Structure formats: C-alpha cells, structure tokens
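What follows is a single structure, written as structure tokens, with notes after it.
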Amino acid sequence: MDYESSLGRAMDEVPDIESSGERLSVPDAQAQKDGAFTRLTNLEAIADTLSRETDHVHRFVQRELGTNGKLEEGVGRYNGNFSGSDFDATIESYVETYVLCGECGLPDTRLVTENRTPMLRCDACGAFRPVSKQRRTSQDQQQREAVEEGKTYTLEITSTGRKGDGVSEKGKYTIFVPGAQEGDVVEAYIENISGSLAFARLESKHD
C-alpha cells in the first residue's frame, strides 16, 4: 500500500504532456489603423501571456511582416496596412518558434542563451533545444520573392483605389498603379514597398 500511495503521489506531480499547449490562451490581436501605419494595441498583453519580453515579440512581428515598426508603451506601430488576422498568424508563428516545447507541446518554457545560441528550456518535461528559425526564414524568403522594389511585373488590375489608381493583388501585397484601370493587364515597375503595400509606375499596357 505504501508503494501504491507513493506511486500515486508521484503520478500526480507529472505534468499532463498531452495537452499540447491547451493551457495557453493568447488574446486575439487588436489591430488599429493609423494612416499609413497599423498599431497592434495589445502587444504587451500578448507578450505577458506568453511570458516573453514585449520587445522580443515586437522585433519578431517586424521580421515576419517584412516591415519596419516602433514600440511605444507596449503598443507596436508598423509601417503598412495589416489586419488582426495578419498579426494573429504572426503571433502563432512566434508561439511555435519561441514558446511551445517541441517535445511535450506545453508552453512552460524559458528562453535562455548558451554560447550565444538562443535555447528553449521546458520546465514541464525538461527538454532543452536550440530555437529553430527555419520556419520564419522560409516565410521571409517567400515574402521577398513575391514583390521586390526595382523589379517589373506583369499585373492584372482588379479594382480601382479611392484616388483612381489601378489596384492589383500579388501574394500578400496590394499594388497601386497610377494610370491603370480595372481590367487592364500592365507592366508595372515597383518603386516602393511599405509593409504589405506596394507602389508602382506604369510601364506599358497589354493589348
């Protein structure tokens, strides 16, 4: 009986490794438009939920969205037009990379640095591994390949913007082409990219 009682107490102390992070409830991202920028107003609350530094999450969001930003009093401000779902997808990527344990799936982890290498240590199961950045790097590369400044693309103009510019969609980018009209197929030179917005110069129209 003593053995069974001891075994029972020991089993009670073992973390439930089948929950796969179910104990982690991340707040939905709250996006707020601010002219040519978008604010992530509850960034600090999200970081607190993840037990991570707000600045660390902020820098990850910038890299994932391929844009520049600024952190002010717990609010992230990013160059470009982003939706709450854009931020949610980015935070999900952050959680997979920097929070959830790859062994037990629980969020009971800590970021530590060993020999200048970021490591993820799990307090639930004891797993200890380098942080994997492959997923993020792959996404960044796909974003760069979708639209690049200084290149010309064949675009189909699918709508008209408020200022009368032709608008085309390519990957995650909304491209504005002055002088183009809905229904046109054009050659457009990308002059500037701001977040998920791209601004192009009309080179020619296809007959």
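Any read-out appearing in this document is the output of simple, stated calculations on the displayed coordinates, not a laboratory observation. A quick note: this is a predicted structure, and the numbers were derived from the prediction, not measured. Cβ atoms come from the backbone with ideal geometry, glycine included; neighbour counts cover every protein chain shown.
Of the trypsin sites (Lys or Arg not before Pro) found in segment 47-132, those that fall in a DSSP loop while having at most 14 other beta-carbon atoms within 10 Å are Arg116. When the alpha carbon gyration tensor of segment 147-205 is reduced to an equivalent ellipsoid, its three semi-axes come out at 15, 12, 10 angstrom, largest first. Annotation for Arg59 and Val131: the two label points, set 7 Å from Cα along the Cα-Cβ direction, are 0.8 nm apart.
Applying the criteria of a DSSP loop state and at most 15 other Cβ atoms within 10 Å to the GluC sites (Glu not before Pro) of segment 31-88 yields Glu53, Glu73. Scaling the Cα radius of gyration of segment 51-207 by the globular reference 2.2 N^0.38 Å produces a ratio of 1.32. With R₀ fixed at 41 Å, the C-beta to C-beta distance from Glu72 to Glu103 puts the FRET efficiency at about 0.65. The slack between Lys33 and Tyr189, meaning 0.36 nm per residue of separation minus the straight C-alpha distance, is 53.4 nm. Summing Lys and Arg as +1 and Asp and Glu as -1 over all other residues whose Cβ lies under 11 Å from the Cβ of Gly179 gives a net charge of -1.
Cross-link check: pairs Lys170/Lys205; Lys33/Lys151; Lys70/Lys151; Lys151/Lys172 evaluated at a Cα-Cα cut-off of 21 Å; pairs beyond the cut-off: Lys33/Lys151; Lys70/Lys151. Fully extending the segment from Glu169 to Thr152 would add 4.7 nm, taking 0.36 nm per residue of separation and subtracting the current Cα-Cα distance.
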